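To start, the structure under review is shown below, and the notes come after it.
The values are calculated or read from the model by the stated rules, or taken from the named source; none is laboratory data. Owing to the predicted nature of the structure, the values given are computational and were not obtained by experimental measurement. Cβ sites come from the backbone with ideal geometry, for glycine too, and all protein chains shown count toward neighbours.
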Amino acid sequence: MTESKIEKIITIKENLERVLDNLKDGIIAHDIKRRIFFFNHEAERITGFSRKDVLGRDCHKVFDVPFCGERCSFSKDNPEIMDNYEYTINILNKNGEIKNIEMSFNRMDDENGKLFGVIAFLRDVTDILSLKIRAGKLNSFANIIGQDTKMLQVFQQIRDVAGYNYPVHIFGETGTGKELVAAAIHNESQRSGAPFIAINCGALPESLIESELFGHVKGAFSDAIRDKKGRFELAHRGTIFLDEVTELSKNVQVKLLRFLQEGTLEKVGGEKTISVNIRVISATNKDLKEEVKNKNFRKDLYYRLNVIPITIPSLRERKNDIPLLVDHFLKQAEEDYKQKPPRISKEAMSLMMDYAWPGNVRELQNAIQFAIVKCSGSVITPNELPVELRENNKPGLKRGPSKKLDFNTIKSALEQTGGNKSRAAKLLGVGRATLYRFLSEHP
């Protein structure tokens, strides 16, 4: 059979459809007006929609929202389509299933080279990712490094919540990576093409926080020389991340509660009600229930924010991830400075595995950066590590029968345990009463 005859057979519509229907990738194609004209069997399986549901219809109306989320170029009047545009997205299909999809797009031009439409290829990697998580074969997910069982559970939670718009509250100690988890939820969702705006509520002055969050109108106060959009308005169609949310004043908590209930806000000094479509993710290193109990945080706001709770384990709870993180930070340094970094000696790694890491992953990153700068050779030894890690190896800080206490030893133990006196006493090998007595006698 000649090539020309094969070409003619393939171009027959029915034969071409048979070929495309047997591909393992889903295929969706629509014209410049978003009317779908091709939808293969795998696209039906992935989305839960049948061909008769979609053919000839506007893509946005079929799926209620842009299938590609905020990355959709056809939400604009003059779409700009790049060839081989690829990304990963989580979708909620018609059957209520979360699907993790690898997508790639190509433009389609007519005979005059003018944009006619787009063809999208969908690959369902949901089961592959689930199997990797269950088998412990995943060592990173959405720019988060970890292979410990507790971290794999966090990865699964990120995947589970990404397809929904419900509020998420993240709890974790300082330096555990709460913002990374929030960003991962955003990037894995259909909002990923829209802004992700992070706010440290504890870092903003009390006098400015309401204006920063909700904006102000000209003349609202002495320095308000023009109208200003707040962070919530700037995050429209995207995600806002409120870190240290317990630091918000009661007045701002009331405004936040109203926004969560109604999806609307008013600028400081303004009378106009503004509707904003955003997902709210909050975080704190404090026990939110305790803050409610102590009347520092509104109970009704707690229930609005804590719809889906995610807890990030501390580094001391997942010490098996330390070598993985160290390797990641060394590779990061190599990329940043274009030179081969030193390697970690067994003795230095042993010290890092034994340390309590009160500053968690952020402290580990700082320790590696410190060691790289200090190291003059090709191997990082214990002498190149920060002093608190080296002091951790001193006999006075090891568990044992010794009951001799001194101020420096206790100070180091308290730093390692994040100020927890009970754990410090255990680390020092003394009873709590002994430690408390020493502290009361040496204020």
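Residues of region 25-49 that are among the β-branched types (Val, Ile, Thr) and crowded, with 18+ Cβ neighbours inside 10 Å: Ile28, Ile36, Ile46, Thr47.
Just to be sure before I move on: is Gly146 over 23 Å from the mean Cα position of the chain (by Cα) and surrounded by 20 or more Cβ atoms within 10 Å (Cβ to Cβ) in the structure I sent? No; evaluated as a whole, the condition is false for this residue.
Counting only residues that are within 16 Å of Ile27 (Cα to Cα) and either among the aliphatic types (A, V, I, L, M) or surrounded by fewer than 16 Cβ atoms within 10 Å (Cβ to Cβ) (or both), how many does region 74-86 have?
Total satisfying the criteria: 3.
Tally up the residues in region 50-73 that are over 30 Å from the mean Cα position of the chain (by Cα) and either exposed (fewer than 13 other Cβ atoms within 10 Å of the Cβ) or not aliphatic (A, V, I, L, M) (or both), please. Count: 7. If you go through region 170-179 one residue at a time, do you hit one that is under 14 Å from the mean Cα position of the chain (by Cα) and part of a helix (DSSP H, G or I)? Among the residues of region 170-179, at least one is under 14 Å from the mean Cα position of the chain (by Cα) and part of a helix (DSSP H, G or I), which makes the answer yes.
Of the residues Ala182, Ala198, the single one that is at pLDDT 95 or above, buried (at least 19 other Cβ atoms within 10 Å of the Cβ) and either outside the structural domain of Asn285 (by TED's automatic domain parsing) or touching a strand residue (DSSP E or B) at 6+ places or on another chain (Cβ under 6 Å) (or both) is Ala182. Taking interchain pairs and intrachain pairs at least six residues apart, which have beta carbon atoms under 7 angstrom, with the first residue in region 44-55 and within 14 Å of Ala29 (Cα to Cα) and outside the structural domain of Glu102 (by TED's automatic domain parsing) and the second surrounded by 15 or more Cβ atoms within 10 Å (Cβ to Cβ) and of a type outside the set (A, V, I, L, M)? Sorted first by the residue in region 44-55, then by its partner, the list stays empty.
For region 296-305, the count of residues that are within 19 Å of the chain's Cα centre (by Cα), on the phi < 0 side of the Ramachandran plot and either hydroxyl-bearing (Ser, Thr, Tyr) or not assigned by TED's automatic domain parsing to the domain that holds Ala413 (or both) is nonzero.
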